[in-house]
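Since the structure comes first, as structure tokens, the remarks are kept for the end.
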Amino acid sequence: MQYPSPLQSATLIKRYKRFLADVILENGEEVTIHCANTGAMTGCGDAGDTIWYSTSDNPKRKYSRSWELTEKANGDMICINTARANQLAKEAIECASISQLAGYETLRTEVKYGNENSRIDLLLEDSQLGKCYIEVKSASLLQDGCGYFPDTVSVRGQKHLRELMAVKENGHRAVLLFVVQHTGITTLKPAKHLDKDYSDLVKQAINQGVEVFAYASTIETDGITLVEQISFNCD
């Protein structure tokens, strides 16, 4: 996946109001940029971190710059733009890079489904294989050497798990796909310490046949690629 424009670096001052961040550009100018991440972003953007941003030429945008990546002092790269997860998943499936999801005839995005006014991120369909509903989640929380999802209480994530269980009960394939957006994460777990209800629902979903996969990313300033499956452990 390529970024919408070449990335440029800046130094983070602070993130605030969820969608905004103040940074210092390479020329020393202090500006406000857009942050496309509604989560807690714990450890993903500390004062003094190097960040990488894209620039839009859309005159209707109030903030032309968008925060894409964080580069930590130890070299870890983090994609903080959660919208990139769906793009990566779609690209990887179309390129048959995710073996468990290969072989379907068509792929659609943002299809309405379920009983709780939801839209499935990706819907695969095939005359032989049937339907496969895929919910994509961006995982970027690293604590004590382990990756976790979510990074705060996720009522929306709980709803999606209930919807996936209903899909499975109705005879279709249901998949929860974690796109890992932090190069320091090598194994992933549900964040029971942050959202016990979500953790419990993940275990329930797996017991009912919902498939869960986690794929790590190679994150560079010129693009991101899903590269390999990592373990997802509910214990």
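Overview of values
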{"quantity": "Qualifying positions in the range 69-89 - within 12 Å of the chain's Cα centre (by Cα) and of a type in the set (Lys, Arg)", "calculated": "ARG84"}
{"quantity": "Elements of type strands (runs of 3 or more DSSP E) contained in the range 140-225, each with 2 or more residues being farther than 22 Å from THR38 by Cβ, hydrophobic (A, V, I, L, M, F, W, C) and without any contact (Cβ under 8 Å) to a residue 60 or more places away in the chain", "calculated": "211-220"}
{"quantity": "The range 20-61, residues that are of a type outside the set (Gly, Ala, Ser), part of a loop (DSSP other than H, G, I, E, B) and either modelled with pLDDT of 95 or more or under 20 Å from the mean Cα position of the chain (by Cα) (or both)", "calculated": "GLU26, ASN27, GLU29, ASN37, THR38, MET41, THR42, CYS44, ASP46, ASP49"}
{"quantity": "Qualifying positions in the range 180-235 - of a type in the set (A, V, I, L, M, F, W, C), touching a Gly at 6+ places or on another chain (Cβ under 9 Å) and open to solvent by 60 Å² or more (accessible area, probe 1.4 Å)", "calculated": "none"}
{"quantity": "Cβ pairs under 6 Å, 6+ apart, first in the range 81-93 and surrounded by fewer than 21 Cβ atoms within 10 Å (Cβ to Cβ), second acidic (Asp, Glu)", "calculated": "ASN86/ASP121"}
{"quantity": "Residue match in the range 109-125 (condition: at pLDDT 95 or above, on the phi < 0 side of the Ramachandran plot and within 13 Å of the chain's Cα centre (by Cα))", "calculated": "yes"}
{"quantity": "Matching residues, the range 49-76, being buried (at least 20 other Cβ atoms within 10 Å of the Cβ) and within 15 Å of VAL180 (Cα to Cα)", "calculated": "GLU68, LEU69, THR70"}
{"quantity": "GLU110 vs. criteria out of contact with any Ser or Thr (no Cβ under 8 Å at 6 or more places or on another chain) and either outside any loop (DSSP other than H, G, I, E, B) or surrounded by 16 or more Cβ atoms within 10 Å (Cβ to Cβ) (or both)", "calculated": "yes"}
{"quantity": "First in the range 12-29 and more than 14 Å from SER64 (Cα to Cα) and open to solvent by 90 Å² or more (accessible area, probe 1.4 Å), second anywhere and at pLDDT 95 or above and assigned to a loop (DSSP other than H, G, I, E, B), Cβ under 7 Å, 6 or more apart", "calculated": "LYS14/ALA47"}
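The values are calculated or read from the model by the stated rules, or taken from the named source; none is laboratory data. Here the structure is a predicted model, which is why all the values come from computation and not from measurement. Glycine also receives a Cβ, built like all others from the backbone with ideal geometry; neighbour counts cover every protein chain displayed. Each accessible area value is taken on the protein alone, full model and side chains, heavy atoms only, with ligands, DNA and RNA left out. Shrake-Rupley method; radii C 1.70, N 1.55, O 1.52, S 1.80 Å.
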